[in-house]
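Q: What follows is a structure written as structure tokens; I'll ask about it next.
Every read-out reported here was derived from the displayed coordinates using simple, explicitly stated rules and does not represent laboratory data. What you see is a predicted model; the values in this text were computed from it and never measured. Positions of Cβ are backbone-derived with ideal geometry, glycine not excepted, and every protein chain shown enters the neighbour counts.
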Amino acid sequence: MTTARYRRIVLKLSGEALSGEAGFGLEPSIIKSVSRQVKEVAELGVEVAVVVGGGNIWRGKVGAEMGMDRANADYMGMLATVMNSLALQDSLENLGIPTRVQTSIEMRQVAEPYIRRKAIRHLEKKRVVIFAAGTGNPYFSTDTTAALRAAEVEADVILMAKNNVDGVYTDDPKVNEDAVKYDQLSYMDVLNEGLGVMDSTASSLCMDNDIDLLVFSITEDGNIKKAVMGENIGTIVRGK
């Protein structure tokens, strides 16, 4: 049996990645594709945690720009991540993968509250754990959630799956055809050059806790397995 490079991972999915070309809502074929890829990885014995964004349903930043109270707008965004998480859980369990959703905002009728030790125990039992509702606090992104949970459960790497780009570039490749993809970066490079891989809070948290980040495309089927196996895809960001 082929050995995976990573023992425990946090897979970061943007909400937009689940919406397909529509850019809004949930695209069933995309969710099924992601679930199949997660199943492939789980069957290798890799312990998988997932953090899903909510931008396909609601973005707190947009609500604030509309004149809403920023905290209220962010709480709405957290609820959007719960909807995405439940959809992903349902899809995974239809494939026979035991899955638990843990939320930072208590809603016991639909999911478990986030408890670090319980999350680790689920992972040890090879259950996929989906962390929903962000950190439970406004003003923090799901990127920061991924960094925080990765540190808490001692994950080996954060796999940041993108639906519109296959790594980190010197500039937006859709706008600038001369943009060059990086194979490897440090978090200090990301912060100093303002590359926008993840927000500065999340980047600093990963750097301080020496958590590797792999940015890659989710649109090519099988890429999650390739990332876990250590194949040369995307861009790796390291603390040092």
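Q: If you work out volume of the Cα convex hull per residue in Å³ from the coordinates, which of [x] 171; [y] 112; [z] 124 do you get?
A: Evaluating volume of the Cα convex hull per residue in Å³ on these atoms matches [z].
Q: Something else about it: For the range 97-170 and the range 49-75, what is the centre-to-centre distance using only Cα atoms, to the nearest Å?
A: Cα centroid of the range 97-170 versus Cα centroid of the range 49-75: 17 Å apart.
Q: Let a ≥ b ≥ c be the square roots of the eigenvalues of the Cα gyration tensor of the range 145-240; is it rounded (a/c under 1.5), or, if not, prolate (a/b larger than b/c) or oblate?
A: Oblate, since a/c reaches 1.5 and b/c is not below a/b.
Q: Sticking with this one: For the range 1-102, state which GluC sites (Glu not before Pro) are in a DSSP loop and have at most 13 other beta carbons lying within 10 Å of their beta carbon. Numbers along the way, then the final one.
A: Numbers: sites: Glu16, Glu21, Glu40, Glu43, Glu47, Glu65, Glu93; in loops: Glu43.
Within the range 1-102, the qualifying GluC sites (Glu not before Pro) (loop, at most 13 other Cβ atoms within 10 Å) are Glu43.
Q: Considering Cα pairs under 8 angstrom that are at least six residues apart, work out the relative contact order of the chain and quote it in whole percent.
A: Relative contact order comes out at 22 percent.
Q: Going by a ≥ b ≥ c, the root eigenvalues of the Cα gyration tensor, does the range 8-119 fall in the rounded group (a/c under 1.5), the prolate group (a/b larger than b/c) or the oblate group?
A: Oblate.
Q: Then there's this: Which FRET efficiency value, to the nearest 0.05, is calculated for Ser186 and Leu44 with the Förster distance at 30 angstrom and r the Cβ-Cβ distance?
A: My answer for the efficiency is 0.55.
Q: By a straight-distance test (C-alpha under 12 Å), which aspartates and glutamates pair with Lys125 as possible cross-link partners, with residues fewer than eight away in the same chain excluded?
A: Cross-link targets: Glu47.
Q: Determine ³J(HN,Hα), in whole Hz, for all residues of the range 170-183 in sequence, where each value follows from phi through the Karplus function 6.51 cos²θ - 1.76 cosθ + 1.60 and θ = phi - 60°; x replaces Gly and Pro.
A: Those phi angles translate into 5, 8, 5, x, 6, 9, 10, 5, 8, 4, 10, 7, 7, 8 Hz.
Q: Springs between alpha-carbon atoms under 10 Å, Gaussian network over the chain: tell me which of Asp199, Asp208, Asp166 tops the mean-square fluctuations.
A: Highest fluctuation of the listed residues: Asp208.
Q: Placing +1 at every Lys and Arg Cβ and -1 at every Asp and Glu Cβ, with all other atoms neutral, what dipole size does the range 122-240 have around its Cα centre, in debye to the nearest 20? Mind dumping the intermediate values first?
A: Values: 11 positive and 20 negative charges, 111 e Å.
Dipole size: approximately 540 debye.
Q: Relative to the Cα centre, what is the charge dipole magnitude of the range 1-63, using +1 at the beta carbon of each Lys and Arg, -1 at the beta carbon of each Asp and Glu, and rounding to the nearest 20 debye?
A: Magnitude of the dipole: close to 240 debye.
Q: Rank-order 126-133, 222-229 by packing density, defined as the average count of other C-beta atoms within 10 Å over each peptide's residues, highest first.
A: On the way: 126-133: 24.6, 222-229: 20.0.
Ranking, from highest mean packing down: 126-133, 222-229.
Q: While we're here: What is the dipole size for the range 8-238, taken about its Cα centre, with +1 at each Lys and Arg Cβ and -1 at each Asp and Glu Cβ, in debye to the nearest 20?
A: 1060
Q: Quick one: grab the alpha carbon gyration tensor of the range 84-152, order the square roots of its eigenvalues as a ≥ b ≥ c, and give me rounded if a/c is under 1.5, else prolate or oblate depending on whether a/b is larger than b/c. Mind dumping the intermediate values first?
A: On the way: a/c = 1.71, a/b = 1.40, b/c = 1.22.
Judged from the Cα gyration tensor, the range 84-152 comes out prolate (a/c at least 1.5, a/b above b/c).
Q: Let me ask something else about it. Which one, Ala155, Val165, Ala22, projects farthest toward the positive side of the charge dipole computed for the range 8-238 from Cβ point charges (K/R +1, D/E -1)?
A: Looking along the dipole axis, the top candidate is Ala155.
Q: Once you keep just the Cα pairs under 8 angstrom separated by 6 or more residues, what percentage relative contact order results for the range 26-114?
A: It rounds to 26 percent for the range 26-114.
Q: Right, something else. Please find the FRET efficiency linking Ala179 to Asp90, where r is the Cβ-Cβ separation and R0 is fixed at 41 Å, and quote it to the nearest 0.05.
A: Step by step, r from the Cβ atoms, then E = 0.60.
Q: Based only on other Cβ atoms within 10 Å, what is the fewest-to-most ordering of Tyr187, Tyr139, Tyr75?
A: In order of increasing Cβ crowding within 10 Å: Tyr139, Tyr75, Tyr187.
Q: May I pose another question? In this model, which of Lys32/Lys61; Lys39/Lys225; Lys162/Lys226; Lys126/Lys162 are farther than 19 Å apart at the alpha-carbon?
A: Exceeds cut-off: Lys32/Lys61; Lys126/Lys162.
Q: Mind checking the range 124-202 for GluC sites (Glu not before Pro) that DSSP puts in a loop (not H, G, I, E or B) and that have at most 13 other Cβ atoms within 10 Å?
A: Glu154, Glu177
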